[in-house]
Each structure stands twice: as C-alpha cells, then as structure tokens.
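Visitor: Just passing along the structure, written as structure tokens.
The values are calculated or read from the model by the stated rules, or taken from the named source; none is laboratory data. Remember, predicted model here, so these are calculated numbers, not experimental data. Note that we place each Cβ from the backbone using ideal geometry, even for glycine, and neighbour counts take in every protein chain shown.
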Amino acid sequence: MRKNLNFAEILMNVEEQEFHSYKNIRMNDFIVWQIIKPNVYYYLLKNVSTDNNKGNQPNYNSPKMSFIKMIFQLFQFIRIIIFTPKPENKFPTLIYTNSKARNYKNKEGKLMNIWLDGFIHKSIITNYYLMEDRKKVLDNSYLKLSLNSSSILFFINIVKYIAIKISPFIKFKKAITINKILAKHSVNVPIEVLIKSIVQFKMEFLIFKFLLKKVKPNLILTYDNLATGFMAACNFLNIKIIDVQHGVIGRYYPSYQYSNKLAPYKQYLSLPTKIASFGLLEKNELLQRKFWTNDEIIPAGSFILDYNKTLSKNEQISDILLITENLPDFNYIDILEILFKLPISIHIIISFHPFENNDIRNSITELIKNKPNFKVLTKDQNTYYGISISKIVIGSYSTCLLEALHLGRKIISIKNKKNNTNIFSHYSSSELYQMVNFTDLEQLNDKILKLLIDNEKITHQANFLFAEDFLNENKKMIESLFN
C-alpha cells in the first residue's frame, strides 16, 4: 500500500464506492464512516510501511498516571459534571481548544491561542466561555479559563481502554462491519482503531451534550473538531459552530474532505455551520468535490498575521529564515551542513517549531555556536518577526511558508526524500505553484544563490492566501449566522 497523501485517496475511493454499504450505519444518528475515517487515515500514515510490511502496532495501554492522580482526575470529572462552572453572562460564545495551542506570547507577555483568541482581542466576541484542555496551570494566559476539560478527556481515555480490554468478549457490530468494508479494499486496520474511534465519539457526545445544555452557548468557536462527538453534540443541540482554520486543509485532510454523495446527508454528519478559511486558496480546494457549498466556507484571514502587521516589512537584515517543523523525516543537520557550504557569506536565522524535539534544538544550537552568521530567534522574536526581516524563507510543511508568500517573501520548499511531498502537495492551484521554488537538498544552494539576485516580486490576487481584513470578515460571518 502507498503511503502519505495516497492514503487519503484510497479512503476517498472507499467512501465513493461503498456509500450504500455504510450510509445507514449510525451512532446517535451520525454516520459512523465519518467518525472512524480520520483515525484510520492517521493509523495508516503512522503504521503502514511503503513496502506492505506490517507497521508498528498501536499501543492500547492504559493512561500512565499514579493511582492518586488517577483518583484526583476522576474526582475532578465528577465535580465538573455535578458542579459545571456557570458562564458569567447568559448565552456566551464557547471557545473549545487545547492549551498546547496557547504558545504565542503577545506584546504584554500573555500566552495566546493565535487561532481563537483573536476574536476576543479584536472585540468580535465579548461574552465568552473558555473550555480548554489544560494539564497545568497557566498564570499568564490571555483568556480566563472557565472549564478545564482535561479530566473529561482523561475519563474518556479510561473508557476507551476498558472497551479495548472487553472487545474480545463483546461484539462491536458497527466496528466489525466497517472493518469488513475497509478490508474489501485492502485497507487493513486493527479493529481496536475503529472501536476506540466509536467509543470516543459516543462518550464525547453524551458528556458534552450534557455540559452544553448547562452552559447554553449561542455559538461555538473551535478548530479541527469535525467528525467528533463534541461537534455532534453541538449539532444535536442546534448550536451554531465556526471551525477556524489553523493549519493546512487542502485536498487530502480527511476530516474536511468528503464525497459529494454525502452532501444530501449532512444532517447525519458532525460538521460546523461555517468554516473560517485563511483565504480563497483553501476555500477553492474544499469546493472542488462539491460537498461543501459556497456560503459554508468564508475566507476570514488570520489573526496572527493581522496582529503582526506592525512588524517591519522593509528592514530585511537577514538573507534566510530556516523554519524547523517537528518532522521525524527531516534531518535539519543535513540542511545546515549544506548551507555551511554556500560560497558567499550570508545571514541565516533559525525558527524552531513550538513543539520541536529538544534533542534537535540542542543539536542545531551546538552546531551553529561557532558560526557567527547563523542565529536562532530568541524567545522574544517570533517566526513572524523572522519572516519580516528575511529575504528568503526555507521550509517544507509549515503554514508559515504560506504566510511568508502572503507577505511577499520568496520561499523555498524542500521535498521530503522519502515521499517527495511538501505542504504544497496538498493543493492543486497552479497560481500557488508558480510562486513556490521547489528543490531537493542537492540543489538547495544553487536555488538560494539565484533567488538572492532575483528582483522579481511575489504577487497574487487579493485574499488568495489570506483574507486581508480579519476584523470585518469575521464580524460579517458571525452576524450572518444570527440574521
């Protein structure tokens, strides 16, 4: 079986060909195929090798935690269910996210979620209720926490673990049927992957339906929660949902891409009311399969780009910004070794991915410590600052490459040696491809030297990569939901 992007194509073929086989397999009236598809995709991506050998087997061990902490988490879960924190005002906008995304420090040193906090920062929303998965206390959070969902997710993981343990003795008929459908197309996935998906959906649906009835939000702001029990609970209660784009969607992302055969069945799918895409590029990709309609996808821009407009766009004091992307298939040491061989003296700055492996951080820092022309961005200098002062931005899968293009920077996208892909493999836009400089490692320095003397400017149609007016586009979108 082929790997990476092709797995999405394989699952889409199953979705097209087996429509009549799975359309009536439901969980709480939601189509189970949608529920299991993302986890099947990620299982294949992680575990199936390119040569059809058996990949790594999934780990179904119980959550690692001391007995005392486990009891504490379960106590917290019961407390939340019984004494759900009330909103300060009636009918708030509920913001549902994870504290891992709260990793951007604003100018006041407060930690922001760059995808969702902008709605509060710009006063698009004033009455909010923040439900966030927080494993630790964040004293410098930009938004005040209303409900910590970590104990809820812990409880769901416990239930999933129990379900896997009892699965040899209980028939999970829906999982078994879907597994047989997949097997017809040589998609071999452990039944446990499907059981976990279904159990998680069921528990999320029941728990969040209960909590949402108590909080009574009139709007949900979230991201990447399609096909989940949380979004299904919102759908069941007729709560309007805006899914805010936070990364690449493109033509392969399984949670967002569906066969048009499913379009008449949207009431049986876990979907948002609106998708706030970065720009026209993402919208056009989503519309191609004719599942989504034009008014369901709104190019709404990016708060972080809007927030960093004050950064200098002209003071280009660095030649290159190299972005690391927390990818196991990329060896950034090899890239730096090649950059060391450039025949001219150029200034290169490095921006680490927020979740970059510490070993990689340390290895790169050690490697460049005696190279005066190579610097790492400090904690006070974010990637957007790095883009603003650089002539060329180098990466492979980071959405920062799209942001750099939007800001008029030249970009170089290095192809992944293992599968010859990069972030732009997710798109079919010829306009986008014309703006990108693709290369492999062997040709990297030649490409850099040519771009450094090339004075041609990057141009694209308005709102193509990112809508220009974040404030007004999002205001109009929310107003349209209640008019």
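Visitor: Tell me which of these Phe230 doesn't satisfy, since it passes every other one: (1) assigned to a helix (DSSP H, G or I); (2) modelled with pLDDT under 95; (3) within 25 Å of the chain's Cα centre (by Cα).
Guide: (2)
Visitor: Take Leu327 and decide whether it is farther than 24 Å from Val32 by Cα, under 17 Å from the mean Cα position of the chain (by Cα) and not assigned by TED's automatic domain parsing to the domain that holds Tyr22.
Guide: Against the criterion (farther than 24 Å from Val32 by Cα, under 17 Å from the mean Cα position of the chain (by Cα) and not assigned by TED's automatic domain parsing to the domain that holds Tyr22), Leu327 qualifies.
Visitor: Related question: Between residues in segment 71-100 that are within 14 Å of Ser146 (Cα to Cα) and residues that are among the β-branched types (Val, Ile, Thr) and in a strand (DSSP E or B), which pairs lie under 6 Å by C-beta distance while being six or more apart or on different chains?
Guide: Hits for this filter: Leu94/Ile220; Tyr96/Thr222.
Visitor: Continuing with the same structure: Report whether or not Tyr427 is out of contact with any strand residue (DSSP E or B) (no Cβ under 7 Å at 6 or more places or on another chain), surrounded by 21 or more Cβ atoms within 10 Å (Cβ to Cβ) and either at pLDDT 90 or above or not charged (D, E, K, R) (or both).
Guide: Considered against the rule, which asks whether it is out of contact with any strand residue (DSSP E or B) (no Cβ under 7 Å at 6 or more places or on another chain), surrounded by 21 or more Cβ atoms within 10 Å (Cβ to Cβ) and either at pLDDT 90 or above or not charged (D, E, K, R) (or both), Tyr427 comes out as yes.
Visitor: While we're here: Would you check which residues across segment 354-390 are farther than 29 Å from Gly408 by Cα, at pLDDT 90 or above and outside any helix (DSSP H, G or I) and list them?
Guide: Result: Lys369, Asn370.
Visitor: Now, a different point. Restricting to segment 447-456, give me the number of residues that are more than 15 Å from Val393 (Cβ to Cβ) and part of a loop (DSSP other than H, G, I, E, B).
Guide: 2
Visitor: Can you confirm whether Gly109 is exposed (fewer than 14 other Cβ atoms within 10 Å of the Cβ), small (Gly, Ala, Ser) and out of contact with any Pro (no Cβ under 7 Å at 6 or more places or on another chain)?
Guide: Spelling it out, Gly109 is indeed exposed (fewer than 14 other Cβ atoms within 10 Å of the Cβ), small (Gly, Ala, Ser) and out of contact with any Pro (no Cβ under 7 Å at 6 or more places or on another chain).
Visitor: Still on this structure, please answer the following. Could you list, in sequence order, the residues of segment 229-265 that are buried (at least 21 other Cβ atoms within 10 Å of the Cβ) and hydroxyl-bearing (Ser, Thr, Tyr)?
Guide: Tyr252, Tyr256, Tyr258
Visitor: Can Ile411 be described as modelled with pLDDT of 90 or more and of a type outside the set (Phe, Trp, Tyr)?
Guide: Answer is yes for this residue.
Visitor: Filter segment 391-408 for residues that are small (Gly, Ala, Ser) and in contact with a Leu (Cβ under 9 Å, 6 or more places away or on another chain); which is modelled with the lowest pLDDT?
Guide: Per the criteria, the residue is Ser396.
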